[in-house]
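Q: Mind looking over this structure? Questions follow.
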Amino acid sequence: FLVPFTSTTTDLIFKLRNLFRNLIPKHSERLLKYKVDEIDVKIRANFDNDKAVPIRLVASSSTGEWLKPEIYLENNDPVTGVTESFRSFEQLETGSMNVSPYLSSNVLQMKRASARRVGSTYVYDFIGLFEMSLKKSWQQFPGLEIPEG
């Protein structure tokens, strides 16, 4: 599925982000059927210095957008290997750190869960569903590139 390739950290992150952005619309019907609200994938990438860089790919609905992809670089304890902190790719330039990419349940998530329990869809999820449907329609035309944003 993932073919080994040589790359810089930045190039790899862009390739992984595009992979996530293409996989989610492609499998949206199945993801909706199984009510997936979060995908979490952890990989370790080796670069020139042979030091493994732990990278976490998260597609989450916690912010209101359905399965919004985000990428985090992890800082692990060198002795135990336990993750101590996360840095989102967007924060890489600023140098700020997150303790965790996971937010506790907020009002939006509680309303979303309530709607799903009764077999309905929370109104703000329709924006993400429309986006996935549109991207899936665009994929039917291989010569066209899906616009960003």
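The values are calculated or read from the model by the stated rules, or taken from the named source; none is laboratory data. These numbers were taken from a predicted model, which means no experiment stands behind them. Note that we place each Cβ from the backbone using ideal geometry, even for glycine, and neighbour counts take in every protein chain shown. All accessible areas refer to the heavy atoms of the entire protein, side chains included, with ligands and DNA or RNA removed. Shrake-Rupley method; radii C 1.70, N 1.55, O 1.52, S 1.80 Å.
Q: Of the residues in the stretch 99-113, how many are out of contact with any helix residue (DSSP H, G or I) (no Cβ under 7 Å at 6 or more places or on another chain), outside any loop (DSSP other than H, G, I, E, B) and at pLDDT below 80?
A: Residues flagged as out of contact with any helix residue (DSSP H, G or I) (no Cβ under 7 Å at 6 or more places or on another chain), outside any loop (DSSP other than H, G, I, E, B) and at pLDDT below 80 within the stretch 99-113 amount to 5.
Q: Shifting gears a bit: Please tell me if GLU70 is touching a residue at least 40 places away in the same chain (Cβ under 8 Å) and open to solvent by 30 Å² or more (accessible area, probe 1.4 Å).
A: Taking the combined requirement at face value, the residue does not satisfy it.
Q: Further question: Step by step: first the residues of the stretch 27-51, then only those that are open to solvent by 60 Å² or more (accessible area, probe 1.4 Å) and more than 27 Å from LEU129 (Cα to Cα), then the one that is modelled with the lowest pLDDT. Which residue is that?
A: Filtering first and then ranking leaves ASP48.
Q: For the condition modelled with pLDDT under 80 and either in a helix (DSSP H, G or I) or touching a Pro at 6+ places or on another chain (Cβ under 8 Å) (or both), what is the one hit in ILE13, ILE24?
A: After ruling out the rest, the residue left standing is ILE13.
Q: Just to be sure, is LEU129 open to solvent by 50 Å² or more (accessible area, probe 1.4 Å), at pLDDT 75 or above and among the aliphatic types (A, V, I, L, M)?
A: In short, no.
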